[in-house]
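Q: The structure under discussion is supplied below as structure tokens; questions concerning it will follow.
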Amino acid sequence: MDRDPFTILFVGRLVWYKGVHLLVEALRKVERFRLLVAGTGPFREELERQARDSGVEDRVDFLGRVSDQELCQLYASAGVLALPALTERETLGMVQLEAMAHGAYVLASDLPGVTTPVETCGGGAVVPRASAEEWTAALRRLALEIELGVIDARRTEARLEVLRRHDPGAVYGRFRASWRRVAGLARER
């Protein structure tokens with residue numbers, strides 16, 4: 001499946017604090033992109049209404065719950081994963097690591113923990129979480145960077161860094177060393 005650099009993917013529960021409504025509003029002003037929304041939740045009907053009322057319903061697809069296999073295909077085909085979270089109820093966002101491991105670029109809200117994958121692995125940008133205007137500006141910048149061809153190298157570098165940092169053996173080694181320090185079992189040198 002070919003990657004579409006102008007396809008944005010959101011993966012998660014459809015609740016207000018996830019900020020999907022900011023993406024829908026931004027699409028109204030940035031016509032190059034389309035949005036795929038994978039997930040379910042109580043905010044879905046409101047988001048569907050917003051897409052209809054904003055005139056972008058032809059560029060927003062609500063996919064509902066997807067299988068792990070379908071999710072891997074979405075990560076591989078989407079150009080961008082967006083995590084527009086609004087509150088600290090969102091912490092790390094494992095979807096970012098999963099998307100980066102599949103080569104997707106990530107746009108993430110400026111929240112503690114949420115920015116970590118982008119800041120440590122590259123391959124994305126941090127967006128102030130306050131408004132649809134900030135997300136609109138981020139999408140405009142991203143469209144320009146895609147057209148200039150600077151995104152592909154960042155995606156590749158981030159993918160390799162995510163795979164290196166989050167390899168199960170490496171994660172286990174860091175966890176074990178931390179546990180030993182906390183438990184007082186670290187060897188004195």
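Q: Evaluate the following for GLU70: is it at negative phi, modelled with pLDDT of 85 or more and of a type in the set (Asp, Glu)? Before you say what the answer is, go through the steps one by one.
A: Values: at negative phi: yes; modelled with pLDDT of 85 or more: yes; of a type in the set (Asp, Glu): yes.
Here the answer is yes, as GLU70 does meet what is asked.
Q: Here's something else I'd like to know. Would you call LEU9 open to solvent by less than 10 Å² (accessible area, probe 1.4 Å), touching a helix residue (DSSP H, G or I) at 6+ places or on another chain (Cβ under 7 Å) and closer than 29 Å to ASP152 by Cα?
A: Yes: the conditions hold for LEU9.
Q: Still on this structure: Say we look at the stretch 28-50 and pick out the residues that are hydrophobic (A, V, I, L, M, F, W, C) and in contact (Cβ under 8 Å) with a residue 60 or more places away in the chain; which of these is surrounded by the fewest Cβ atoms within 10 Å (Cβ to Cβ)?
A: VAL30
Q: Assess whether LEU86 counts as being touching a helix residue (DSSP H, G or I) at 6+ places or on another chain (Cβ under 8 Å) and crowded, with 19+ Cβ neighbours inside 10 Å.
A: Considered against the rule, which asks whether it is touching a helix residue (DSSP H, G or I) at 6+ places or on another chain (Cβ under 8 Å) and crowded, with 19+ Cβ neighbours inside 10 Å, LEU86 comes out as no.
Q: Looking at the stretch 53-70, I want the residues that are open to solvent by 100 Å² or more (accessible area, probe 1.4 Å) and have a partner that is outside any helix (DSSP H, G or I) with Cβ atoms under 8 Å, at least 6 apart or on another chain. Which pairs are those?
A: Listed by first residue and then by second, the contacts come to ARG65/ALA38; ARG65/GLY39; ARG65/THR40.
Q: Are any residues in the stretch 22-79 among the hydroxyl-bearing types (Ser, Thr, Tyr) and not in a loop (DSSP other than H, G, I, E, B), and if so, which ones? Walk me through it before giving the result.
A: Step one: list which residues in the stretch 22-79 are among the hydroxyl-bearing types (Ser, Thr, Tyr), which gives 40, 54, 67, 75, 77.
Passing the criteria: SER54, TYR75, SER77.
Q: Quick check on the stretch 115-138: of everything there that is in a helix (DSSP H, G or I) and among the hydrophobic types (A, V, I, L, M, F, W, C), which residue is farthest from LEU27 (Cα to Cα)?
A: Start the filter on the stretch 115-138 by keeping residues that are in a helix (DSSP H, G or I), which leaves 116-121, 132-138.
So of that shortlist, the ones also among the hydrophobic types (A, V, I, L, M, F, W, C) come out as 118, 121, 132, 135, 137-138.
Values: VAL118: 22, CYS121: 27, ALA132: 9, TRP135: 9, ALA137: 11, ALA138: 11 Å.
That would be CYS121.
Q: Do any residues in the stretch 112-139 that are surrounded by 13 or more Cβ atoms within 10 Å (Cβ to Cβ) have Cβ atoms under 7 Å from those of residues that are small (Gly, Ala, Ser) and modelled with pLDDT under 85, where the two are at least six apart or on different chains, and which pairs are they?
A: Once the first residue is surrounded by 13 or more Cβ atoms within 10 Å (Cβ to Cβ) and sits in the stretch 112-139, its partners that are small (Gly, Ala, Ser) and modelled with pLDDT under 85 give VAL114/GLY93; CYS121/ALA158; GLY122/ALA158; GLY123/ALA158; GLY124/ALA158.
The values are calculated or read from the model by the stated rules, or taken from the named source; none is laboratory data. Quick caveat, the model's predicted, so the values are computed rather than measured. Here the Cβ is made from the backbone with ideal geometry for all residues, glycine too, and neighbour counts use every protein chain on show. Accessible surface areas use protein heavy atoms only, side chains included; no ligands, DNA or RNA. Shrake-Rupley method; radii C 1.70, N 1.55, O 1.52, S 1.80 Å.
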